[in-house]
Structures are given as structure tokens and as C-alpha cells.
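Worksheet for the structure shown next.
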Amino acid sequence: MLGWMDGAAFAHLTIAGDGTASGHFLPDDVYFMPARPHAAPELDRITLGGGEMSRTDLDPKLLEDPAARFAAQLGAPTARLAWTGEAGEIATLDDPVSGAHADLQPPADGGWTIHQRGPLRLWDDAARALSTLLSAGRPHQSEYGLTVTPEGSGHGWVTLAGRAGTCLPSQTQPVESAPASRRCRWCAPARPRCAPAP
């Protein structure tokens, strides 16, 4: 899996009798060049601000860590991450398929000001996955798994020390207007149980 936030991992999936495929991501770090059809579409000009405004104490600089980017893209798989501003202090998440946007700017009084617009709440989705990462003690990617249904929808999960899996937050709104090669494969309106397959 190579996400549009540049987090990369291979997963070893086993197909069950019902047609679902499930398994863990492998422990080795992998880097490869994506095929053109899998690369993120180019973004138009990014406009900061606008949309719904909120605040967070979760520092988006956490996304500079590859493990955090990997987790965040499980929550917001169609988002592209960029840094802008005079000193690269503004984080932006943009979904070139749906047009959703989020930016996080550091105000003078601490915390971060979030602006989100479009059909998806990219930062909310990424932040839920980052919170799962932090509350689980920042596990390695091999503690994460993936389950995919025969229809192509799926969800991620994390399990630690053999305990039952915990669903990772994922977008609940697939972008049906996108070409099949660009649709979010993590989007599942109703996620099945999240424990990994035995």
C-alpha cells in the first residue's frame, strides 16, 4: 500500500471462505515508485482558510514521522499532505478526488486553528487515526492490519500483543463520482467486526 501521504507498507492477506481478505502489514519498510494510475492526481491551486473552523491541540508536525503518516493515511486515504507558509508551519490536507480540504495554522495563543471544507473532514479522519496510534503506544506498521471485502471496501485495524483488534477510523463516505482506480478502498459505510482473521 502506498498512500497519497507517502506512507508505504506491504500487507500479506489471506482470503477467507466468504471472500474477504485479511492480514497484517509486513514489518520491513518498503519504498517503491508508484505506477502512474496509482499516483495522486495533481492538485489545483490550494486556498487556505474557509469552511468550518475549529481548534486542536494535536500537533500536525506529528505527520513528519513516517509511522504517523502511515496511520493518518489509513484514516484519510485520499488526502495529500503538504506544508506551506513562510516557514512551512501550515499543514494542508487536500483530496484531489472529492475537493475536500483542511489546513492547520498555529495561532499565537497555542494549539492549532483548523479550517475544513468539502464533503470529507480530512483532518478529523486523520486525527482519529493519529489518536489511535498515540493511545496504542505508537505501534510499528506490522501491528496494523487490513481487511477487504469482495466488493472492494475495507477497513484497517490495529492489534497489540495478541489482543483483539481495534478498528481504525476511516472515511465513511466513498467518493462514488471518482473513477474506480481513484476510489477510496477504505471507505465502508458499515464496517464489519475489526478483529483480525485467525
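Calculate the spin-label point distance for ALA136 paired with SER54, positioning each point 7 Å from the Cα along the beta-carbon direction, and give it in nanometres.
2.2 nm
For ASP6 and LYS61 in the same chain, what is the full-extension length gain: residue separation times 0.36 nm, less their Cα-Cα distance, in nm?
Fully extending the segment from ASP6 to LYS61 adds 18.3 nm.
Quick one: grab the alpha carbon gyration tensor of the range 48-159, order the square roots of its eigenvalues as a ≥ b ≥ c, and give me rounded if a/c is under 1.5, else prolate or oblate depending on whether a/b is larger than b/c.
Cα axes put the range 48-159 in the oblate bin.
Grab the Cα-Cα distance for GLU86 and ASP109, subtract it from 0.36 nm times how many residues apart they are, and report the gain in nm with one decimal.
Value of the extension gain: 6.4 nm.
No lab work stands behind these numbers, since they all come straight from the coordinates. Keep in mind the model is a prediction, meaning the values are calculated, not measured. When we count neighbours, we look across all protein chains shown, and the Cβ atoms used for this are built from the backbone with ideal geometry, even at glycine.
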